């Protein structure tokens with residue numbers, strides 16, 4: 001029995017944080033890794049909201065840093081499930097930085113992540129479908145199969161590299 005489909009907005013997750021000195025690098029901007037952790041966190045919550053199951057991160061597409069996030073700014077991330085396929089969910093994330101003193105806002109990052117729902121034994125388990133309603137949701141939903149195809153190709157390349165390089169260090173091999 002297939003689960004009933006859910007609208008994209010039901011998984012919407014928003015997280016806002018103040019960028020403080022421990023979050024920044026020597027340039028006074030947010031560490032890229034810190035932003036990536038925020039992305040994974042907010043996207044995972046969106047995926048759990050959609051599936052109402054435990055999830056694991058399967059992939060993160062390119063994370064494009066479009067504008068710096070400065071110390072003292074806020075960073076607001078929005079995430080929602082755009083597409084599903086059997087046990088996996090694609091999540092779109094947008095991050096907006098705001099200068100809290102001037103009110104200037106900029107989109108600083110966009111990203112896509114994929115999560116897989118798992119059961120109590122850690123095995124992949126089916127998720128409900130998703131349906132778009134707003135125009136931006138429809139656009140992302142329609143483009144999702146092409147992104148999924150690119151992810152599969154990239155994963156295959158990663159597997160080939162893993163096999164080629166193995167678990168040892170390059171200098172352990174004969175030259």
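Computed from the coordinates by the stated procedures, all read-outs in this text should not be read as laboratory data. Every value quoted in this text rests on a predicted model; they were computed, and no experiment measured them. Cβ sites come from the backbone with ideal geometry, for glycine too, and all protein chains shown count toward neighbours.
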**Study point:** Failed item, numbered, when residue 107 is tested on (1) outside any loop (DSSP other than H, G, I, E, B); (2) within 23 Å of residue 136 (Cα to Cα); (3) in contact (Cβ under 8 Å) with a residue 60 or more places away in the chain
**Key:** (3)
Point to revise | Output for segment 110-126, where each listed residue is touching a residue at least 40 places away in the same chain (Cβ under 8 Å) and touching a strand residue (DSSP E or B) at 6+ places or on another chain (Cβ under 7 Å) | key: 110, 111, 112, 113, 114, 115, 116, 117, 118, 125
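State whether one or more residues within segment 57-67 are in contact (Cβ under 8 Å) with a residue 12 or more places away in the chain, farther than 29 Å from residue 125 by Cβ, surrounded by fewer than 18 Cβ atoms within 10 Å (Cβ to Cβ) and in contact with a helix residue (DSSP H, G or I) (Cβ under 7 Å, 6 or more places away or on another chain). Write out each step before concluding.
The initial filter retains those residues of segment 57-67 that are in contact (Cβ under 8 Å) with a residue 12 or more places away in the chain, namely 57-67.
Adding the requirement that they be farther than 29 Å from residue 125 by Cβ leaves 64-67.
In the following step, the residues that additionally are surrounded by fewer than 18 Cβ atoms within 10 Å (Cβ to Cβ) were identified as 64-67.
Next, from what is left, pick out any that are in contact with a helix residue (DSSP H, G or I) (Cβ under 7 Å, 6 or more places away or on another chain): 65.
Yes, segment 57-67 contains a residue that is in contact (Cβ under 8 Å) with a residue 12 or more places away in the chain, farther than 29 Å from residue 125 by Cβ, surrounded by fewer than 18 Cβ atoms within 10 Å (Cβ to Cβ) and in contact with a helix residue (DSSP H, G or I) (Cβ under 7 Å, 6 or more places away or on another chain).
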**Study point:** Qualifying residue in segment 1-10 (condition: over 23 Å from residue 130 (Cβ atoms) and either crowded, with 18+ Cβ neighbours inside 10 Å or touching a residue at least 60 places away in the same chain (Cβ under 8 Å) (or both))
**Key:** no
